[in-house]
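See below for the structure under consideration.
The values are calculated or read from the model by the stated rules, or taken from the named source; none is laboratory data. This is a predicted model, so every value here is computed, not measured. When we count neighbours, we look across all protein chains shown, and the Cβ atoms used for this are built from the backbone with ideal geometry, even at glycine. The protein model used for the area step is the full one, side chains on, heavy atoms only, and it has no ligands, DNA or RNA in it. Shrake-Rupley method; radii C 1.70, N 1.55, O 1.52, S 1.80 Å.
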Amino acid sequence: MLRGAGVARVWAAPPFPGVPGPGARFCASFIARGDTLARAPRIVVRWPPRAGDPSAPGIHADNAAGLVLEAGEERGRVLLAADADRTVEDWLAVTPGVALLKVAHHGSGSSSGAMFLARMRPRTAALSVGAHNPFGHPDAGALRRLIECGAVLCRTDREGALWFELSEEGVRRIDWRAGEPLSSAEARDPRDAREAAAECRAALARTEARW
């Protein structure tokens, strides 16, 4: 990722006893719950806490220390839930009614608890999971809970890469294969949309060739 994309800054969760995390390895800046990473669009850290917080002693593994971020505003908020399990979900202070939930831990059975989903009420759930993965993700129970909470489910193992555009009005799915523009500002003319799509496909092809 660092070689293939222009990365200006690296953030990571702080280390915890027995859970050093990857931050030191990548010379990352440590961030924790309550930190604001950007204001336009708004990006706020919702997990993990800082050392000394009452919830910190429960962090005993990398998954529980993963960075959970909330991005966007108004009706266009998205929650990126990392590999959080239900014990972490109980601590997340997020206003209900997120437009998009990046499903935690690839749809693991230990994540996406019914109480958490009832509280969040996501309109769309994006599930990043590999086809025929050896871990058995996504879990059938997690899928059932996501569907029962009323979320529209999108899966990378069936649909490929998922691309969404956020605004204060909500979230819309981008069909990047068809060359749909990212926003009116980026593509005001149909020719601009086609050129942007061609550039995207060319960049993807170059990246795949390098790897």
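Among Gly76, Gly141, which is the only one that is farther than 26 Å from Phe30 by Cα and touching a residue at least 40 places away in the same chain (Cβ under 8 Å)? Even if it seems obvious, please write down each step before you answer.
Numbers: Gly141 fails: touching a residue at least 40 places away in the same chain (Cβ under 8 Å).
The conditions single out Gly76.
When you go through (1) within 30 Å of Ala151 (Cβ to Cβ); (2) at pLDDT 90 or above one by one for Arg25, which number turns out not to apply?
(1)
Checking the condition open to solvent by 30 Å² or more (accessible area, probe 1.4 Å), modelled with pLDDT under 95, among the basic types (Lys, Arg) and under 26 Å from Val10 (Cα atoms), which residue from Arg86, Arg75, Arg50, Arg46 passes? Give the derivation first.
Numbers: Arg86 fails: under 26 Å from Val10 (Cα atoms); Arg75 fails: under 26 Å from Val10 (Cα atoms); Arg46 fails: modelled with pLDDT under 95.
That would be Arg50, the only listed residue that is open to solvent by 30 Å² or more (accessible area, probe 1.4 Å), modelled with pLDDT under 95, among the basic types (Lys, Arg) and under 26 Å from Val10 (Cα atoms).
From the residues in the stretch 1-34 that are under 28 Å from Thr95 (Cβ atoms) and of a type in the set (D, E, K, R), which one is least open to solvent (accessible area, probe 1.4 Å)?
Arg33
Confirm whether Val129 is within 25 Å of Ile59 (Cβ to Cβ), touching a strand residue (DSSP E or B) at 6+ places or on another chain (Cβ under 7 Å) and free of Cβ contacts under 8 Å to residues at least 60 places away in the same chain. I'd like the intermediate steps shown before the answer.
On the way: within 25 Å of Ile59 (Cβ to Cβ): yes; touching a strand residue (DSSP E or B) at 6+ places or on another chain (Cβ under 7 Å): yes; free of Cβ contacts under 8 Å to residues at least 60 places away in the same chain: yes.
Answer is yes for this residue.
Which residue pairs have Cβ atoms under 9 Å apart, sit 6 or more places apart or on different chains, and have a first residue in the stretch 12-24 that is within 15 Å of Gly52 (Cβ to Cβ) and a second that is at pLDDT below 90 and among the aromatic types (Phe, Trp, Tyr)?
none
So for the stretch 26-43 (the condition being on the phi > 0 side of the Ramachandran plot and in contact (Cβ under 8 Å) with a residue 40 or more places away in the chain), does at least one residue qualify?
Among the residues of the stretch 26-43, not one is on the phi > 0 side of the Ramachandran plot and in contact (Cβ under 8 Å) with a residue 40 or more places away in the chain, which makes the answer no.
Of all residues in the stretch 130-152, how many are surrounded by 18 or more Cβ atoms within 10 Å (Cβ to Cβ) and of a type in the set (A, V, I, L, M, F, W, C)? It would help to see each step written out before you state the result.
First, pick out the residues of the stretch 130-152 that are surrounded by 18 or more Cβ atoms within 10 Å (Cβ to Cβ): 137-139, 142-143, 145-146, 149, 151.
Okay, now just the ones that are also of a type in the set (A, V, I, L, M, F, W, C), so 142-143, 146, 149, 151.
The total comes to 5.
Can you find a residue that is assigned to a loop (DSSP other than H, G, I, E, B), surrounded by fewer than 17 Cβ atoms within 10 Å (Cβ to Cβ) and of a type outside the set (Lys, Arg) anywhere in the stretch 111-129?
Checked the stretch 111-129: no residue is assigned to a loop (DSSP other than H, G, I, E, B), surrounded by fewer than 17 Cβ atoms within 10 Å (Cβ to Cβ) and of a type outside the set (Lys, Arg).
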